[in-house]
Amino acid sequence: MDSFEFNKIAAAILTTALVFIGIKEIGNVIYHVDKPKKSAYKIEGVEQTTTGQVAEKKVEASLAPITPLLASASIDAGAKVFKKCAACHSIDKGGANKIGPGLWGIVNKKVGAAEGFKYSAALSGYGKNWTFEELNGFLHKPMKYIKGTKMGFAGLKKDSDRANVIAYMNSKSDSPAPLK
């Protein structure tokens, strides 16, 4: 077999492949199908959730409840862990806002409501209070817990660290909430 025969065979294979690809693309252009916005079939017992709610539920499901850990939490250990936060946040009464808002009396306060601080739309529109469980989820992974937050902190992985920091932040208030 000479090289001319080999070139004819290679050209025939390449041409066939290009024809199949071309037919497929032409078919996609002619018969373009849009995905429906609403499902055609309703499944009973399934609730509609937004993407943010699904992400929040996944984060909540993976975390152990913080309330039992707060009973044995150490305020002194929380002060040590809080040093990671002190670069951006003030915890002192009347402390100025830094890169992040001042955190004096933050427990049970409305999310995104500190005076004089410009919050992201995600935090200012969150609409909940900073309960122990909310703080637990947020301190675990802030950017996953409330999508769109400007807080660039990776989070505290250890349950004990989060419990200690929450106990410390709770102690920095005129009227600390009881650690149940």
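The values are calculated or read from the model by the stated rules, or taken from the named source; none is laboratory data. Every value quoted in this text rests on a predicted model; they were computed, and no experiment measured them. Neighbour counts are summed over all protein chains in view; Cβ atoms, including those assigned to glycine, are modelled from backbone coordinates with ideal geometry.
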- Item | Count of residues meeting criterion [in contact (Cβ under 8 Å) with a residue 12 or more places away in the chain, of a type in the set (Lys, Arg) and out of contact with any strand residue (DSSP E or B) (no Cβ under 8 Å at 6 or more places or on another chain)] in the stretch 85-112 | 1
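Can you go through 49, 16 and tell me which one is of a type outside the set (Phe, Trp, Tyr), over 30 Å from residue 167 (Cα atoms), surrounded by 10 or more Cβ atoms within 10 Å (Cβ to Cβ) and at pLDDT below 85? Even if it seems obvious, please write down each step before you answer.
Values: 16 fails: at pLDDT below 85.
Residue meeting the stated conditions: 49.
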- Message: So residue 153 passes all but one of these: (1) modelled with pLDDT of 90 or more; (2) more than 11 Å from the chain's Cα centre (by Cα). Which condition number does it fail?
- Response: (1)
- Note on the structure: For the stretch 139-165, pairs from a residue that is in contact (Cβ under 8 Å) with a residue 24 or more places away in the chain to a residue that is exposed (fewer than 15 other Cβ atoms within 10 Å of the Cβ) and among the aliphatic types (A, V, I, L, M), with Cβ under 7 Å and 6 or more apart or across chains, are 148/121; 159/64
- Task: Check whether at least one residue in the stretch 104-116 is of a type in the set (S, T, N, Q), closer than 21 Å to residue 78 by Cα and surrounded by fewer than 21 Cβ atoms within 10 Å (Cβ to Cβ), and report yes or no.
- Result: yes
- Query: Only one of these conditions is not met by residue 99: (1) over 18 Å from residue 164 (Cα atoms); (2) in contact with a Ser or Thr (Cβ under 8 Å, 6 or more places away or on another chain); (3) of a type in the set (Val, Ile, Thr). Which number is it?
  - Reply: (2)
- Scan of the stretch 62-103 for residues that are surrounded by fewer than 14 Cβ atoms within 10 Å (Cβ to Cβ), among the hydrophobic types (A, V, I, L, M, F, W, C) and at pLDDT below 85, ordered by number: 64
- Task: Considering only the stretch 129-180, give the helices (runs of 4 or more DSSP H) lying wholly within it that have at least 2 residues that are buried (at least 21 other Cβ atoms within 10 Å of the Cβ) and not aliphatic (A, V, I, L, M).
- Result: 132-140, 159-171
